[in-house]
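Beneath this line is the structure, given in structure tokens, with notes to follow.
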Amino acid sequence: ALELKLTPVLMLLRSTLDQLQEKDTAKIFTQPVNLSEVPDYLEFISQPMDFSTMRTKMEGHAYCSVADIEKDFDLMISNCLKYNSKDTMFHKAALQLREVGGAILRHAHRQSQSIG
Ligand SMILES: CC(=O)c1c[nH]c2ccccc12
């Protein structure tokens, strides 16, 4: 939506989300975990999160700070670390994304301080 493009803070949030998603090279966080393919998922995970859901929230003005994005990003990563055992590609990808995402979010926090 037009207004999302104009506000500097919201531009920063959109760009931060783009940068985080770009690092999900295996694209395991693009869409919600498919509950028909993974019927026991909700027995372990009470609040699923993924990048498409974060984008919908973004367009719905649910995020107004970098901290808001960071909260859902951390939820998405911790869900994956909880559900998938250590020896899986998913678990390893989540650990890697947590590291590289942390640097992206720290930089976004600094930028948002200068935007004000
Ligand atoms: C992100 C995540 O946990 C998953 C992403 N795709 C999946 C398929 C089966 C089980 C878990 C997942």
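The values are calculated or read from the model by the stated rules, or taken from the named source; none is laboratory data. Computed from a predicted model, the values in this text were never measured in an experiment. Using ideal geometry, Cβ is built from the backbone for each residue, glycine included, and neighbour counts are taken over all protein chains shown. All accessible areas refer to the heavy atoms of the entire protein, side chains included, with ligands and DNA or RNA removed. Shrake-Rupley method; radii C 1.70, N 1.55, O 1.52, S 1.80 Å.
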>> Restricting to segment 41-63, name every residue that is open to solvent by 50 Å² or more (accessible area, probe 1.4 Å) and farther than 19 Å from Arg98 by Cβ.
In response: Leu42, Glu43, Ser46, Arg55, Thr56, Lys57, Glu59, Gly60, His61, Ala62
> Taking segment 8-38, which residues are closer than 23 Å to His61 by Cα, open to solvent by less than 60 Å² (accessible area, probe 1.4 Å) and either assigned to a loop (DSSP other than H, G, I, E, B) or in contact with a Cys (Cβ under 6 Å, 6 or more places away or on another chain) (or both)?
Replying inline: Phe29, Thr30
> In segment 95-109, which residues are under 23 Å from Ala62 (Cβ atoms) and either open to solvent by 50 Å² or more (accessible area, probe 1.4 Å) or small (Gly, Ala, Ser) (or both)?
Replying inline: Arg98, Gly101, Gly102, Arg106, His107, Ala108, His109
> Only one of (1) over 18 Å from Thr25 (Cα atoms); (2) of a type outside the set (Lys, Arg); (3) away from the ligand (no atom under 12 Å from the Cβ) is not met by Leu75, so which one is it?
Replying inline: (3)
> How many residues does segment 64-77 hold that are part of a loop (DSSP other than H, G, I, E, B) and loosely packed, with under 14 Cβ neighbours inside 10 Å?
Replying inline: 1
>> Here are the criteria: (1) within 13 Å of the ligand (Cβ to nearest atom); (2) under 14 Å from Leu10 (Cα atoms); (3) among the small types (Gly, Ala, Ser). Tell me which single one Ala108 does not satisfy.
In response: (1)
> For segment 39-60, which residues satisfy the criterion of being assigned to a loop (DSSP other than H, G, I, E, B) and either touching a residue at least 40 places away in the same chain (Cβ under 8 Å) or within 10 Å of the ligand (Cβ to nearest atom) (or both)?
Replying inline: Asp40, Ile45, Pro48, Met49, Asp50
> How many residues are part of a helix (DSSP H, G or I) and within 14 Å of the ligand (Cβ to nearest atom) if we restrict to segment 78-100?
Replying inline: 16
> So which of Leu20, Leu13 ends up being more than 16 Å from the ligand (Cβ to nearest atom) and in contact with a Phe, Trp or Tyr (Cβ under 7 Å, 6 or more places away or on another chain)?
Replying inline: Leu13
> Which numbered condition trips up Ile28, out of (1) touching a residue at least 24 places away in the same chain (Cβ under 8 Å); (2) among the β-branched types (Val, Ile, Thr); (3) under 30 Å from Ser114 (Cα atoms)?
Replying inline: (3)
> Which members of segment 104-116 meet the condition of being over 19 Å from Met54 (Cα atoms) and either under 15 Å from the mean Cα position of the chain (by Cα) or part of a loop (DSSP other than H, G, I, E, B) (or both)?
Replying inline: Gly116
> Out of (1) modelled with pLDDT of 95 or more; (2) under 30 Å from Gln113 (Cα atoms), what's the single condition that is false for Ser46?
Replying inline: (2)
